[in-house]
Amino acid sequence: MKYSGERITDTGPPHYEQFLPPIIQRNYGRWKYHEVIKPGIMVHVSESGEKLYTVRASSPRLLSIEKVRALASLADKYSFGYLRFTARHNVEFLVTEEVNIQPLVDDLEALGHPIGGMGSTISNIIHNQGWLHCHSSATDASGLTKSLMDELIDYFLEEKLPSKLRMAVACCINMCGTAHCCDIAVIGIHTRPPRVQHETLHKRCEVPTLIATCPTMAIRPAIVDGKPSVEVIEEKCMYCGGCYTVCPAMPVKDAEHDGLSIWVGGKVSNARSKPTFSKLVIPYLPNNPPRWPEVTSAVKHIVEVWAEHAKPFERIGEWIDRIGWPKFFRLTGIPFRREMIDDYKHADLTYRHSAYLTF
Ligand code: SF4
C-alpha cells in the first residue's frame, strides 16, 4: 500500500517512504542498472537518466552522539541530509552530484572511517554488546570485532575475495549478533553450568519464573537450608545463561573457562540457494583479550583458504557445498572433533526451523 500522509497511528514505525531522498522517490522501481565503480562507491542509473551515487563507509556500530552528529553534518554538506545504515552497520551517503564524492570520501577518511565493503569484499562485521553492556556475555564483542577487522581490513578496502563475506560476532550463544547465518561467525561460549547462590536466590528471584526460563528444562525446585531454591541438572544444561537473565543469583560467567567458537558457511540471502545456518568448525578457542590472537589468526586462515580455492562468486557455504565438509577440514587443517558431531548429524532434528514456538 502506498504511504498516505493522513494515515497516522500511534504504533509501529513511520512508513519508510517519507524518509526516502527525493531522487529515490522520483525513480522508485525505475532503476535500470547499478554498478560498483570502486570498492565503497556505487552508482544507480534510472530509466530517466538520473544517477544516484552511494558512498559506503564502515562504522564501529557503537556510535557516540558526537560521531552521529559528525556523520549527520557530512550528510548535510554532501547528500541533502540523507544517509542510511545498512544491515551490517555500514553508513551510506546517497549523493546526487558526482563532484561531491571525493570530498566526502576525504572527510570520512579524516574522521577515521575506511571506504569499502561493496562487492567481493568483507562487509562491516556485525556484533552485539559484549562486556560493554550484556550481562550474560562470555567474551567482549566490540573489542574482538576491532581486532578481527584490523586483521582483515585489506579485504574491506579492496575486492580481493571470490565473493562477498558476511561476518558476525556474538558474545554468547543467545546470539543477538545474528551469528547463526553468516559466512563466518565467532560466538562466545560458557562451558560450565550456572553457580546457584542458594543463600540469596529466594530474595532476588521468583523460582517458577526461573524454572520456566530454561530451554532445556535443566532447572528444578529444591529446598536448601530450609529456604526455597533450585538445582541445576548439569547433563541437561547447555550453558546458555538464559537463567541468569531473570535471576542474578545464577551467575554463569567463568573467567577461566569461557571461550570462543567459530562457525562457518551460513547465509541469510535467497540468492542461488536457500538461507543456511552456519556450522561449528572450531568448538573452543581461549578468550584472550585485548587482541584475541588465536581467534583472529584462525578466522584469517579460513578466509585465505577460501579465497585461494573458491571459484568466482562462490560464498563460503557454496564453496563447501561443492567440495564437501571433509575436504574443507583437510584444506584448512582444522581437526574435526567429536563435539561437532551433533551439528553435522542430528542438527535437523533439534534445530527450530519454524517461527512457531512449541513447548
Ligand atoms: Fe538452563 Fe541455560 Fe541456565 Fe543451563 S544456563 S540452566 S540451559 S537456562
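Computed from the coordinates by the stated procedures, all read-outs in this text should not be read as laboratory data. Only a predicted model underlies this, so the values are computations on that prediction, with no experimental measurement involved. Here the Cβ is made from the backbone with ideal geometry for all residues, glycine too, and neighbour counts use every protein chain on show.
The table for this structure:
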quantity: Cα-based shape type of the range 1-160, given that a ≥ b ≥ c are square roots of the gyration tensor eigenvalues and the cut on a/c is 1.5; calculated: oblate
quantity: In the range 145-209, GluC sites (Glu not before Pro) in a DSSP loop with at most 13 other beta-carbon atoms within 10 Å; calculated: 206
quantity: With at most 16 neighbouring Cβ atoms within 10 Å, loop trypsin sites (Lys or Arg not before Pro) (DSSP) excluded, longest segment of the chain; calculated: 31-159
quantity: Overall Cα dimensions of the chain, principal axis frame, Å, largest first; calculated: 77, 56, 39
quantity: Inter-site label distance for residue 47 and residue 68 at 7 Å from Cα along Cβ, in nm; calculated: 3.9 nm
quantity: Max mean-square fluctuation residue, GNM over the chain, Cα-Cα springs under 10 Å, options 241, 317, 333; calculated: 333
quantity: Where labels lie 7 Å past Cα in the beta-carbon direction, separation of residue 200 and residue 20 in nm; calculated: 5.4 nm
quantity: Computed [θ] at 222 nm, helices only, for the chain once each DSSP H run of length n ≥ 4 contributes -39500 (n - 2.57); calculated: -8000 deg cm²/dmol
quantity: Residue among 27, 82, 219 farthest towards the positive dipole end of the chain, charges placed on Cβ; calculated: 219
quantity: Choice from 57, 110, 179 with maximal GNM fluctuation in the chain (Cα, 10 Å cutoff); calculated: 110
quantity: Nearby lysines by direct alpha-carbon distance to residue 203 (threshold 20 angstrom, same-chain neighbours under 8 apart not counted); calculated: 227
quantity: Cys with no candidate disulfide partner in the chain (beta-carbon separation under 4.7 Å rule); calculated: 134, 171, 172, 176, 181, 182, 214, 237, 240, 243
quantity: Entries in 146/267; 67/311; 38/67; 77/267; 51/146; 236/279 that, when Cα-Cα distance is taken, lie over 29 Å; calculated: 67/311; 77/267; 51/146
quantity: Added length on full extension, which subtracts the Cα-Cα distance from 0.36 nm per residue, residue 212 to residue 301; calculated: 27.9 nm
quantity: Residue among 145, 121, 332 with the largest mean-square fluctuation in a Gaussian network model of the chain, springs linking Cα atoms under 10 Å; calculated: 332
